[in-house]
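Written out below as structure tokens is the structure these notes cover.
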Amino acid sequence: MNISVIGSINMDLVYRVPHIVKEGETLHSSTHSVHFGGKGANQAVTASQLGANVSFIGSVGNDAFGKQAKENLANNGVNIASVKEEGSTGQAIIQVADSGENSIVLYPGANFQVTPEQIEQETEVIRNSDALLLQLEIPLDSIERAIHIAAGLGKIIILNPAPAKPLPDSLLKRVSILTPNETELSLLTGIEPKTEEKLAAACQVLLDKGIGTVVVTLGSKGAFYKNKDEQGWVEAVKVDAVDTTGAGDAFNGALAVSIGEGKSLSGAIRTAAKVAAYVVTKMGAQQQLPDFIRNN
């Protein structure tokens, strides 16, 4: 499976707090740590560890963080020939509560230097891939250009619409698999998916726009999927969460690989759920996956 990932590369500055800070509140952090992150990088590392040949198109800063981030991707088997260096590396300031929940402030930095022109220059990378995996932490016009190119080449296009933002129908109609969470699904459809009936109705709105399959990630409730042929649930794997940062990214990276391996949709989602469940038991978004996860 050859996968192109286009997206963000960040350094995550993680602070452990009793609870997510409220407006006007000051909290002491019990620990501070620095981890490799960015939705694109997280997904790329997961996919590479699960056996895919991954090429990354993106941008880091011309700084120490950027060099470390590129080296980390390369050490995880990701091809970084299409990662340029410009400006300052993106950062994420992350609060992790004792419950395992998180709150994130993003500084995009060099991620917003990923331009449509850069995407055009990397057309051959997309051409040589079976699938394209994207998120929304780079400029939308660059995402649109990448999807236009990949659709024209007949590639599988997997879009994780995070962080949540409105998306044009002209983009959505070219997406093979869309993987929103509850918040993103509501924003894209105007439907609050509080019941299974509402969940299915929201997914149908997206299918009517031309999307092939919708997979909704619902945290501890599992995942709901729907396309023109089937719909159903996959239960979440029960674990004691330490840090939920990167769970969705691990899910998407694993889903892309599993789909490429020819697993059924429900089987691919089950594999993705297991990978995501392992990641939340550790601090940081990019975990080294053990053999029992890699060989599942």
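Every number here is computed from the coordinates shown, using simple stated rules; none is lab data. Every value quoted in this text rests on a predicted model; they were computed, and no experiment measured them. FYI the Cβ positions are ideal-geometry reconstructions off the backbone, even for glycines, and counts take in every protein chain you see.
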Along the positive direction of the dipole of segment 2-294 (beta-carbon charges: Lys, Arg +1; Asp, Glu -1; about the Cα centre), which of GLY248, GLY90, SER266 reaches farthest?
SER266
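Rounding to the nearest 20 debye, state how big the charge dipole of segment 2-294 is about its Cα centre with +1 on each Lys and Arg Cβ and -1 on each Asp and Glu Cβ. Before the final figure, lay out the partial values.
Details: 24 positive and 32 negative charges, 98 e Å.
Here the size comes out at about 480 debye.
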Cut-off under 16 Å on the C-alpha distance; same-chain residues fewer than 8 positions from LYS198 excluded. Which lysines are left, in chain and number order?
LYS221, LYS226
At 7 Å along the Cα-to-beta-carbon direction for both GLU197 and SER220, put a label point, then send me their distance in nm to one decimal.
2.6
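Pairs LYS39/LYS155; LYS67/LYS165; LYS173/LYS194; LYS165/LYS194; LYS39/LYS67; LYS22/LYS70: which exceed 23 Å Cα-Cα? Can you show the working numbers first?
Values: LYS39/LYS155 21 Å; LYS67/LYS165 30 Å; LYS173/LYS194 25 Å; LYS165/LYS194 20 Å; LYS39/LYS67 18 Å; LYS22/LYS70 35 Å.
Pairs exceeding 23 Å: LYS67/LYS165; LYS173/LYS194; LYS22/LYS70.
What does the charge count around VAL114 come to, taking other residues whose C-beta lies under 15 Å from its C-beta (Lys +1, Arg +1, Asp -1, Glu -1)? Spell out each step's value before the answer.
Working: positive: LYS39, LYS70, LYS84, ARG145; negative: GLU85, GLU86, GLU117, GLU120, GLU122, GLU137, ASP141, GLU144.
That works out to -4.
What is the gain in length, in nm to one decimal, between GLU235 and ASP98 on full extension, counting 0.36 nm per residue of separation less the C-alpha to C-alpha distance? Don't jump to the answer; show the numbers that get you there.
Details: separation 137, 0.36 × 137 = 49.32 nm, distance 2.41 nm.
Between GLU235 and ASP98, full extension yields an extra 46.9 nm.
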Projecting the Cα atoms of GLY109, MET283, ILE9 onto the charge dipole of the chain, where Lys and Arg contribute +1 and Asp and Glu -1 at Cβ, the residue farthest towards the positive end is MET283
